Protein chains: 4
Amino acid sequence: MPAASPDPHRRSEQSRRAILAATVELVGDLGYEQVSIEAIARQAGVGKQTIYRWWPSKGAVTLDALDESLDAVVDFPDTGDIVADLRTQMLGVSRLLTTRVGRVYQGLVAAAQSDPRLSRAHLDRVIEPAVLACRRRLATGVERGELRADIDLQGLIDLLYGVIYYRLLLHTRPLDDDQIDAVLEIAFSGARPGRPR
Amino acid sequence: MPAASPDPHRRSEQSRRAILAATVELVGDLGYEQVSIEAIARQAGVGKQTIYRWWPSKGAVTLDALDESLDAVVDFPDTGDIVADLRTQMLGVSRLLTTRVGRVYQGLVAAAQSDPRLSRAHLDRVIEPAVLACRRRLATGVERGELRADIDLQGLIDLLYGVIYYRLLLHTRPLDDDQIDAVLEIAFSGARPGRPR
Amino acid sequence: MPAASPDPHRRSEQSRRAILAATVELVGDLGYEQVSIEAIARQAGVGKQTIYRWWPSKGAVTLDALDESLDAVVDFPDTGDIVADLRTQMLGVSRLLTTRVGRVYQGLVAAAQSDPRLSRAHLDRVIEPAVLACRRRLATGVERGELRADIDLQGLIDLLYGVIYYRLLLHTRPLDDDQIDAVLEIAFSGARPGRPR
Amino acid sequence: MPAASPDPHRRSEQSRRAILAATVELVGDLGYEQVSIEAIARQAGVGKQTIYRWWPSKGAVTLDALDESLDAVVDFPDTGDIVADLRTQMLGVSRLLTTRVGRVYQGLVAAAQSDPRLSRAHLDRVIEPAVLACRRRLATGVERGELRADIDLQGLIDLLYGVIYYRLLLHTRPLDDDQIDAVLEIAFSGARPGRPR
DNA sequence: TGCTAAACGAGACGGTACGTCACGTCTTTGC
DNA sequence: GCAAAGACGTGACGTACCGTCTCGTTTAGCA
């Protein structure tokens, strides 16, 4: 397979990396609002124009910076036990959000509140792939009879991931193991009494 | 008994109202980031210093402005049917967040991402009272045998309200009736098959 | 002749003194521009309104504060030697302007540059009385034959006091004894050669 | 010979000119105190930062603005008649100070009262060159025997220019022809009687 | 001696300008 | 011809004072 042909006056990969790294570092350490594009350029040893040339806004840089840190988490395991697999994945996400990546993500969501294009990009590039992967895993669970066939998959996904966002954005601490268990217990067994377990 | 001595130089209620009203209007119309304190002062016909005298930041003004719009929603009905009552309340919240108040709330949460004191105030003044009211209503449901006695109430609350935040902050449209039904169905009956309904 | 009717609720002499004293102290120490009316009120332990009630501007307060420090200097001695008497008086003025009073005076003149009413008041209350006193002493000198009868008295006064202002306002150090002698030598004997001394 | 390395990012001559022109216009028309840096920036069509980048204060801008208007006046004619030449120059200065330049100069001196660095700059860039030029012309007069050899040149200069400052800063009208003649008469022939003319 | 009205301290108010920071654009120089 | 450097016009930041306007609280003179 031949290498993709590079642009003749191609952008500097080195600058790109430096910018994204500086973004993660600064936003992770100081918080999104406290970081200016000028500061990122300074930290990355790059001219401001080089940022403006390739990204429309600080939020867009942040999204790109985040993107590379998030790839791993989208994968869903499939051990045959749907609840255990969800627990594994949710725990992974919760833990990742405990690190600097969490601060960056908080910043991204904050920025997206006032920037529809950024919000759109966030949905397209982060949320939708994750939801799709989750939905596929849940569908497998339905096929195998682990889940009720009439379940509203979107509702289930919203329920499970809503908790994580709620915790992240309200700055209550991320879910720990027990809390994830409690949430999964309710989601899969229901809150009403009388169900045989 | 002498009358309590009133403050000699008390703050102007008229200015306070004008500032909060201007904040709701501007943030609701233009979005949080697009609104400056100068614009709020201008719109309210007030000096900037009058804002800075009484609030530490734009976020704090926003929280106060929101506070007054939110009082109604905290109340939980008690008709004897816990699921129906939750549906009523969640629908009320979802609908309120469809209005300008929703934009204001998005702004508040965004601001709180970079301002720990504001985040704290948000939790204390908005989240905690709402959660408490919800918990009380759920506790009543447990007493009446409508809910499993061993349920994790906090987990249930996180689950239900997490969905709302998830929708609000990701700018997917707020929950409609059917979606609320689907969420409640899962939360109260569980996703696993085999439960008699 | 009936006594002037005093105000029934007359102004506080104590406050007046405190304000003028605070003005001399602050302006003398920090410089005119660096002192605000709020600072004077603070320093004097007085409400702002008490200043605004009695003076139209900071410059007016400064003029009043100065006025009391300047009374002594207007007096001209008359020992029979016009040059010696002028030397005595000019030296007194120059020395006074070395103290805090000098800084206050600099402030007054600066303020008067942008405030015609203040400039007018300065002329009427400070300059004119001093010039008048000087002119009277010079007239005596003319009568006694110490001065040429055809001399332009105003020109002579301008010349002598112009030097003092020039030094004060350009912040070159005030005239010392020798410099005053040199100036008087020129003014009274002329710069052209050939005059018998 | 290698070219001197030019600054890579040099300042805009156009903005500099616009700022100085706006300063002369505004200060000349409205008075120094009445003009803010914001107004100068507005009038010049320039950002405030561009002023603050290159000047430390309004006074410094004013000094630069003045500087260019003052170059012509420093020159002393030399017709061989020292008194006539001084009359020519003093009249030129007095007339210049009747124009907008006079208002600007009043503002500069006022500002210098509270700003030692500005005062220093004023002395170095305006006063000293003028005094030097005057001293040179007077020295020529001494050499030619027009002036007494033992005259105190600095005292004579202070005397002559003190009058002009006195008039300018006290807002009595600038010297006219006759007044300059009177002053020169005294300075060069003295106030005492008996001198042959 | 108690009443009344001004002057008082305090300080909130609507404003203007301050001097700083960051924005996003533009231009110049160097690799 | 992209990248660094950084000046530019713009505009918001948060602060300091402006001069005006209440507030209660002295404090005098008149009753």
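The values are calculated or read from the model by the stated rules, or taken from the named source; none is laboratory data. Here the structure is a predicted model, which means the values were calculated and not measured. Positions of Cβ are generated from backbone atoms using ideal geometry, with glycine treated the same way; all protein chains shown enter the neighbour counts. With ligands, DNA and RNA removed, areas are computed over all heavy atoms of the protein, side chains included. Shrake-Rupley method; radii C 1.70, N 1.55, O 1.52, S 1.80 Å.
Brief remarks follow.
- Across all Cα atoms of region B:67-189, the radius of gyration (one decimal) and Dmax (whole number) stand at 14.6, 43 Å.
- Summed buried accessible surface, chains B and A, 1.4 Å probe, nearest 100 Å²: 4700 Å²
- Simple rule: put +1 on each Lys or Arg Cβ and -1 on each Asp or Glu Cβ in chain B, find the dipole, and look at B:Ala187, B:Val163, B:Leu153; the Cα lying farthest toward the positive end is B:Val163.
- Size of charge dipole - region C:1-123 - debye, nearest 20, with Cβ of Lys, Arg +1 and Asp, Glu -1, no other charges: 540 debye
- Counting only Cβ charges, +1 for Lys and Arg and -1 for Asp and Glu, the dipole size of region B:100-197 around its Cα centre is about 180 debye.
- Taken about its Cα centre, region B:73-135 carries a charge dipole of roughly 340 debye when the Cβ of each Lys and Arg holds +1 and the Cβ of each Asp and Glu holds -1.
- Nearest-0.05 FRET efficiency for D:His171 and D:Arg17, computed from C-beta distance (R0 41 Å): 0.85
- Toward the positive end of the charge dipole of the protein assembly as shown, with +1 on the Cβ of Lys and Arg and -1 on the Cβ of Asp and Glu, the farthest Cα among D:Ala22, A:Thr62, D:Ser36 is that of D:Ala22.
- Distances in nm from D:Ala139 to the matching label points in the other copies, shortest first (labels 7 Å along Cα to Cβ): 4.5, 9.8, 9.9
- Distances in nm from B:Gln14 to the matching label points in the other copies, shortest first (labels 7 Å along Cα to Cβ): 3.6, 4.8, 6.5
- In chain C, the beta-carbon sitting nearest the axis that superposes C on B belongs to the residue given here with its distance in angstrom, C:Gln49, 5.
- Listing of region C:141-160 residues, each with accessible area lower by at least 10 Å² in the full protein assembly than in the chain alone (probe 1.4 Å): C:Gly145, C:Glu146, C:Leu147, C:Arg148, C:Asp150, C:Ile151, C:Asp152, C:Gly155, C:Leu156, C:Asp158, C:Leu159
- The residues of region A:84-126 listed by number as losing at least 40 Å² of accessible area in the complex, against the isolated chain and with a 1.4 Å probe, are A:Ala110, A:Gln113, A:Ser114, A:Leu123.
- Once the 1.4 Å probe is applied to the protein heavy atoms, the protein assembly as shown comes out at 48 Å² accessible per residue.
- Selection from C:Ser94, A:Ser119, C:Val46, by position along the positive dipole direction of the protein assembly as shown (Cβ): A:Ser119
- Distance between modelled label sites at D:Thr88 and A:Asp178, nm, 7 Å Cα→Cβ extension: 10.2 nm
- Projecting label points 7 angstrom from Cα along Cα→Cβ for B:Lys48 and D:Leu132 puts them 4.5 nm apart.
- What separates the Cα centres of region B:92-164 and region A:36-93 is a distance of 28 Å.
- Modelled label reach - A:Thr98, point 7 Å along Cα→Cβ, region A:128-170 residues with backbone N closer than 20 Å: A:161-170
- Note on the protein assembly as shown: Kirkwood radius taken over Cα pairs, Stokes-Einstein applied at 20 °C and 1.002 mPa s, translational D equal to 63 µm² s⁻¹.
- Modelled label reach - C:Arg117, point 7 Å along Cα→Cβ, region C:29-60 residues with backbone N closer than 19 Å: C:37-38, C:48-60
- Within the accessible area of chain A (1.4 Å probe), percent carbon and sulfur: 52 percent
- Qualifying lysines (Cα of each under 17 Å from Cα of D:Lys48; at least 8 residues distant if same chain): D:Lys58
- Label points for B:Arg173 are taken 7 Å from Cα along Cα→Cβ. From this copy to the others they lie 4.0, 8.2, 8.6 nm apart, shortest first.
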